[in-house]
Amino acid sequence: MLEAIVYAGTVFAVAAAVTAAWIVGARRGLAGAAKDCDEAWAEIVRLLGERASARAASADPARLAELDAQLEARAEIFNARVRSWNDRLRTYPDAFVARLSGAAPREPWAPDAAAPAPPDSPA
């Protein structure tokens, strides 16, 4: 009988340790994915400001085309990171941790959008 109790306690301890490791890994993964999205968004905002300044200064059309191309490339990067973030929110154990922390899906962004709205930040 005592052996069965010790065995059950060991199994419980191992299961608790594995679960804790999954949760810690999910939290780290979600934090990294959120940081990736935020960094990509900051780059888009920087390029939008640079493009607005260039337009206000009647910059060379080649410079404006270069900025637009950079903006499109950064939007692709941002949208890929948003897809990755949203996928994590639907995958165990990240979905479990995301639900507990109140993290929400993010919306992709199109470079031709008139006025970009900052994406939702995770909780």
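Here, each number is a calculation from the coordinates, and none is a lab measurement. Since the structure is predicted, the reported quantities are computational estimates derived from the model, not experimental observations. As a convention, Cβ positions derive from the backbone with ideal geometry for all residues, glycine included, and neighbour counts pool all protein chains shown.
The table below lists the values:
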quantity	calculated
Relative contact order %, region 2-101, counting alpha carbon pairs below 8 Å whose residues are six or more apart	40
Ranked list, fewest to most other Cβ atoms within 10 Å of each Cβ, for GLU43, GLU3	GLU3, GLU43
Cβ-placed point charges (K, R +1; D, E -1), dipole of region 2-101 about Cα centre in debye, nearest 20	240
Furthest towards positive pole of dipole, ALA26, VAL45, ASN79, structure part region 2-101, Cβ charges	ALA26
